[in-house]
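The values are calculated or read from the model by the stated rules, or taken from the named source; none is laboratory data. Everything numeric here is computed off the predicted structure, so don't read it as measured data. Positions of Cβ are backbone-derived with ideal geometry, glycine not excepted, and every protein chain shown enters the neighbour counts. Heads up: the accessible areas ignore ligands, DNA and RNA and are worked out on the full protein's heavy atoms, side chains in. Shrake-Rupley method; radii C 1.70, N 1.55, O 1.52, S 1.80 Å.
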Amino acid sequence: MKGNKLLIFIITIGVFGILNTEMGVIGLLPSIAEQFNVSIATAGLTVSLFALAIAISGPTMPLLLSGINRKKVMLLVLSVFVVGNIASVFVTNFTFLLIIRIALALFHPVYCSMAFTVAASSVKPEEAPKAVSKVFIGISAGMVAGVPIASFIDSAVSYEMAMAFFAIVNAFVLVATLIFVPSMPVEERQSYDEQLAVLKKSIIWVSIVAVILLNASVFGVYSYIAEYLETVTQMSPNMISLTLFIFGGANIIGNIVAGRVLTNHPIKSIVSFPLLLSIVYILLFFTGEFAVPMVIITFLWGILAGGIMANINQYLISSSAPEAPDFANGLFISACNVGTTVGAAAGGLLISEMGTQYVVLVSILSLILSLVMILLRNYSFSPSKQISKSALVRD
């Protein structure tokens, strides 16, 4: 038991380091623009191209490395991130920085998908959602803490030290993995054909669409939340920072809550979280102009969004293809990034056409469509339904 807890702790810090590398540069964009003499929009390619590379490599890289000892793969990925982050400190050409970022992004889904698989397999099957939820705390912390930490180091020390921070975190996890994580050979190596066969299942495609819509429902608003709080709620910069911090902290609470309820009531959870988030968005639409209600709503939104972005989405896809866990987790990561891109694009389009206050309509529509897909998934692929189909085939 202690060994399992240490293992989960190390991989949780590991995904924090990986997500920190991905999201932390958001807080460095002004410095990147200045350092390389490019515009802010161009500097933003360090984020957008990273996400695009993850979406592409999500289903492929975990599949290619699925037959190799998991400890060796983790050490490989962490080594790549340490070297890449160190190189990012010294690179003087923006194109080279982008190449480094894209290379790191290609390995991002490998570590994260393997972390979910290792966490789930380290406990009893019924306890898997709870174990995976602990790993998602690392992801939430990377998304929430990465930006302000990197921004603080940048302003207090230097841009180079902020970039070095990413390397330091990954180096720490690399050493911890080397010393404390046991060898984890793949006991039954699956062929690529066996893993790709899950794509023939209708449930996996319904689940992928549901995950894309769920992530779009979160990032349709979250991508523009700072602008929303400034122009619609008319908060001060300090109040906006506090509200975003509340959202991030609530994300971590959402990970823990969702992990527990998924363990006990998985079917009810995957319906209730999107349903409750729909209600929160409706409240946000009508009360977004008022600061106090907005802070309360942001807290509730953070809890539900944290549970959906991580635990609910991962459960939807992993439970659809339990026979190929690494590949399924890669599909999950890819679907989430596609959803993030779709949500941000749709939100931006609606803002340009109707105004910032209406951006929430994108997320409400996404949630309605996702609930349709989830109900279709629950009805069409429920155990009782499958049994009745099998009986019909036998008859």
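Data overview
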| quantity | calculated |
| --- | --- |
| Unmet criterion (only one of (1) in a helix (DSSP H, G or I); (2) within 27 Å of residue 26 (Cα to Cα)) for residue 276 | (2) |
| Odd one out for residue 157 among (1) of a type in the set (Val, Ile, Thr); (2) surrounded by fewer than 15 Cβ atoms within 10 Å (Cβ to Cβ); (3) within 27 Å of residue 6 (Cα to Cα) | (3) |
| Search result, residues across region 30-43 that are hydrophobic (A, V, I, L, M, F, W, C) and open to solvent by 60 Å² or more (accessible area, probe 1.4 Å) | 40, 41 |
| Flag if residue 114 is touching a residue at least 60 places away in the same chain (Cβ under 8 Å), within 16 Å of residue 15 (Cα to Cα), in contact with a Lys or Arg (Cβ under 7 Å, 6 or more places away or on another chain) and of a type outside the set (Ser, Thr, Tyr) | yes |
| Hits in region 322-345 - residues which are farther than 19 Å from residue 214 by Cα and crowded, with 20+ Cβ neighbours inside 10 Å | 324, 325, 326, 327 |
| Residue list for region 63-74, filter: part of a helix (DSSP H, G or I) and farther than 15 Å from residue 115 by Cβ | 63, 64 |
| Single condition residue 80 does not satisfy, out of (1) in contact with a helix residue (DSSP H, G or I) (Cβ under 6 Å, 6 or more places away or on another chain); (2) among the aliphatic types (A, V, I, L, M); (3) surrounded by fewer than 18 Cβ atoms within 10 Å (Cβ to Cβ) | (3) |
| Members of region 131-146 found to be over 30 Å from residue 35 (Cα atoms), of a type in the set (Val, Ile, Thr) and surrounded by 24 or more Cβ atoms within 10 Å (Cβ to Cβ), listed by number | 132, 135 |
| Filtered residue count, region 20-29, keeping only those that are touching a Ser or Thr at 6+ places or on another chain (Cβ under 9 Å) and open to solvent by 10 Å² or more (accessible area, probe 1.4 Å) | 3 |
| One residue from 77, 110 being closer than 29 Å to residue 247 by Cα and part of a helix (DSSP H, G or I) | 110 |
| Residue, nearest to residue 301 (Cα to Cα), within region 220-234, restricted to residues that are touching a residue at least 24 places away in the same chain (Cβ under 8 Å) and open to solvent by 20 Å² or more (accessible area, probe 1.4 Å) | 222 |
| Condition check for residue 171: at pLDDT 90 or above, in contact with a helix residue (DSSP H, G or I) (Cβ under 6 Å, 6 or more places away or on another chain) and open to solvent by 30 Å² or more (accessible area, probe 1.4 Å) | yes |
| Unique residue being part of a helix (DSSP H, G or I), more than 27 Å from residue 28 (Cα to Cα) and touching a residue at least 24 places away in the same chain (Cβ under 8 Å) when the list is 162, 131 | 131 |
| Matching residues, region 187-234, being of a type in the set (Ser, Thr, Tyr) and either on the phi > 0 side of the Ramachandran plot or in a helix (DSSP H, G or I) (or both) | 192, 202, 207, 217, 222, 228, 231 |
| Exclusive hit being at pLDDT 80 or above and either open to solvent by less than 20 Å² (accessible area, probe 1.4 Å) or among the charged types (D, E, K, R) (or both), set 302, 348 | 302 |
| Flag for residue 14 being surrounded by 21 or more Cβ atoms within 10 Å (Cβ to Cβ) and assigned to a helix (DSSP H, G or I) | yes |
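Rundown of residues vs (1) surrounded by fewer than 16 Cβ atoms within 10 Å (Cβ to Cβ); (2) within 20 Å of the chain's Cα centre (by Cα); (3) under 28 Å from residue 255 (Cα atoms), yes/no style:
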residue: 92; (1), (2), (3): yes, no, no
residue: 96; (1), (2), (3): yes, no, no
residue: 99; (1), (2), (3): yes, no, no
residue: 105; (1), (2), (3): no, yes, yes
residue: 110; (1), (2), (3): no, yes, yes
residue: 113; (1), (2), (3): no, yes, yes
residue: 122; (1), (2), (3): no, no, yes
residue: 125; (1), (2), (3): yes, no, yes
residue: 129; (1), (2), (3): no, yes, yes
